[in-house]
1. Pairs please, first residue from segment 39-54 and of a type in the set (V, I, T), second anywhere and modelled with pLDDT under 90 and part of a loop (DSSP other than H, G, I, E, B), Cβ atoms under 7 Å, 6+ apart in sequence or on different chains.
2. If I filter segment 118-130 for residues that are exposed (fewer than 14 other Cβ atoms within 10 Å of the Cβ), within 20 Å of the chain's Cα centre (by Cα) and within 22 Å of N162 (Cβ to Cβ), do I get at least one hit?
3. Looking at segment 4-15, can you tell me whether even one residue there is crowded, with 22+ Cβ neighbours inside 10 Å, at pLDDT 50 or above, within 15 Å of V121 (Cα to Cα) and in contact with an Asp or Glu (Cβ under 9 Å, 6 or more places away or on another chain)?
4. Would you check which residues across segment 213-234 are in a loop (DSSP other than H, G, I, E, B), farther than 14 Å from T135 by Cβ and modelled with pLDDT under 85 and list them?
5. Among the numbered conditions (1) crowded, with 21+ Cβ neighbours inside 10 Å; (2) touching a residue at least 40 places away in the same chain (Cβ under 8 Å), tell me where N162 comes up short.
6. Within segment 35-52, take every residue that is modelled with pLDDT under 90 and either of a type in the set (S, T, Y) or touching a Gly at 6+ places or on another chain (Cβ under 6 Å) (or both) and give me the one that is surrounded by the fewest Cβ atoms within 10 Å (Cβ to Cβ).
7. The conditions are (1) at pLDDT below 60; (2) of a type outside the set (G, A, S); (3) surrounded by 17 or more Cβ atoms within 10 Å (Cβ to Cβ), and D239 fails exactly one of them. Which is it?
8. Which strands (runs of 3 or more DSSP E) sit wholly inside segment 122-173 and have at least 2 residues that are small (G, A, S), closer than 26 Å to V32 by Cα and in contact with a Gly (Cβ under 7 Å, 6 or more places away or on another chain)?
Amino acid sequence: MRRTTTIALLAGVATTAFAAAPALADSHESTVSVLHGVPGLTVDVYVNGEELIPDFAPGTLTDPMMLAAGTYDIAVYEDGVTPEDGDPAISAEGLEVPGGANLTLAAHLDEAGAPMLSAFVNDVSQTAAGEARITVRHAAAAPAVDVRAGGTPVIEGLTNPNEEVLDLPAGTVSADVVLAGTEDVVLGPADLDLAEGTNTIVYAWGSAEAGNLDLAVQTIDGLHSSPEGVPSGQGGLVDTNALLVLALAGVAGAAIAGRYVVRSERV
């Protein structure tokens, strides 16, 4: 299981002038997508004191864009509240965005239900011929889960805010998810198709206690051969039963890729 390590952290920078940046990343900029995973809270996002994302709704996963490397102050306010008349719901100052990375930045709940900011490094290394990559990220107010293939646990104790990353043969895989250390199936068994040369990144978000667990899915393609530019990301939501993707992460029984999760930080 991947644990967290310090690299960079940012949340909320999604619809800015950076959209006009060149399509090819270099050491001076990174590819950035943003996930709003705090249920029940539509927000306005301020970056360096300027409102850049109004009316950012829960469950929204933005398209990727280029973001210049640098330091940013982030403040996330409840929709309609401004820095002049209220305090931010979540904030972080002096956050460094590196150059040459592919990141997904997430505002979500920790296991206990408190809002937090996390940033994840997306694995965009090439996949072998005939293979696909699956990344599962636990970003929900929910306990640990085990992933089973054929009734046998292949991932044990996946917890918030950690991830599992596996490369496996492209195609359809069936598995289920149970509460950690139990036989209590919470999802599946079900099938999912994984395309060759893609990294399917699945975020479990929301709150188990509140009954609003949901899934956001991001797909990065172009990994099966040398891309002409930065691999793209395609964001979107799937139905709750798509949590079956959690099971997929362990079906291959393979070694986890060697990249790291960017530091996650409660605020």
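The values are calculated or read from the model by the stated rules, or taken from the named source; none is laboratory data. For clarity, every value in this text was computed on a predicted model and none was experimentally measured. Glycine gets a Cβ as well: all are built from the backbone with ideal geometry, and neighbour counts include every protein chain shown.
1. V43/A89; V45/G12; V47/G12; V47/V13; I53/G12; I53/A14; I53/T15
2. Yes, that holds for at least one residue.
3. no
4. Residues satisfying the conditions are L213, H224, S225, S226, P227, E228, G229, V230, S232.
5. (1)
6. Y46
7. Against the list (1) at pLDDT below 60; (2) of a type outside the set (G, A, S); (3) surrounded by 17 or more Cβ atoms within 10 Å (Cβ to Cβ), D239 comes up short only on (3).
8. Fully inside segment 122-173 and qualifying: 131-141.
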